[in-house]
Amino acid sequence: MAKIIVIGGNGYAGSHIVREAAARRHEVVSLGRSQPAEPVPGVRHETGSAADLETLERVIAGADVVVGALSPFQPDLAAQFISIYRAALAPIARAGARFVVIGGFSGLRPAPGAPRFIDSGDVPPEFLDGARATHDAFDLLQAEAPQALDWLFVSPGAQFGAFAPGERRGVYRKSGDVALFDAEGKSAIGGADFALAVVDEIESPTLRRDQIHFAY
């Protein structure tokens, strides 16, 4: 059993990861700016801002794994997204914990060696700032994470979010930085199956200090 802290545990990705980890009897602490509408039994729901360093350090203390599940697509979080993760690096490293950051699809490539989607010019303008912020988090980990810090950057399929929750299938595929598509040319994964993949990776790590992608 691991002690797993989920920063942004009330959000779409975070709440699914909280439920999946709790169902597997891990010790789970969820940090959100408010109490969830439906608290998860057995989970310690902490209320506070991840932008407050004292709160962040207190919640992280003693963690085995810290999951960063904040969303830069929320206007009030966009400006603080990178600064929160930058501030988290040192206390996570001191705790000896693994840092698993949930990113976005746009940091992937359509083929090995091809430009990432974020640099292709094809990301719709209304999503560009948020997409850029998620990829900036990957750059942050590569450039500024202490050498002793075990981190992982996780990208879901393109169709991922409350707008496309889907039904739990209990299956997924994984890749590195190359996007996965199904036979119909769609890259997608439901929230429950994404959480399944993330917690599988937490329990049995296959990559360290790298990028991983989950989709159907």
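Read-outs: derived from the displayed coordinates by stated rules, not from any lab. For clarity, every value in this text was computed on a predicted model and none was experimentally measured. Note that we place each Cβ from the backbone using ideal geometry, even for glycine, and neighbour counts take in every protein chain shown.
Descriptive notes on the structure:
- Gyration tensor verdict on the stretch 170-216 (Cα atoms; rounded if a/c is under 1.5, prolate if a/b is larger than b/c, oblate otherwise): oblate
- The stretch 145-195: C-alpha gyration tensor shape, a/c 1.5 cut-off, then a/b vs b/c: prolate
- Global form of the stretch 120-216, assessed from the alpha-carbon gyration tensor, a/c cut-off 1.5: oblate
- Basic side chains Lys and Arg get +1 at the Cβ, acidic Asp and Glu get -1 at the Cβ, and with that the dipole of the chain about its Cα centre reaches some 440 debye.
- Pairwise alpha-carbon distances in the stretch 3-215 exceed 29 Å for 18% of all pairs.
- Helix axis angle, 81-95 relative to the chain longest principal axis, alpha carbon, degrees: 50 degrees
- Relative contact order for the stretch 95-213, counting Cα pairs under 8 Å that sit 6 or more residues apart, in percent: 32 percent
- Convex hull volume of the C-alpha atoms in the stretch 56-180, normalised per residue: 132 Å³.
- Using C-alpha pairs below 8 Å separated by at least 6 residues, the relative contact order for the stretch 3-215 is 20 percent.
- When the trypsin sites (Lys or Arg not before Pro) in the stretch 9-111 are filtered for DSSP coil states and for at most 10 other beta-carbon atoms within 10 Å of their beta-carbon, the remaining sites are R25.
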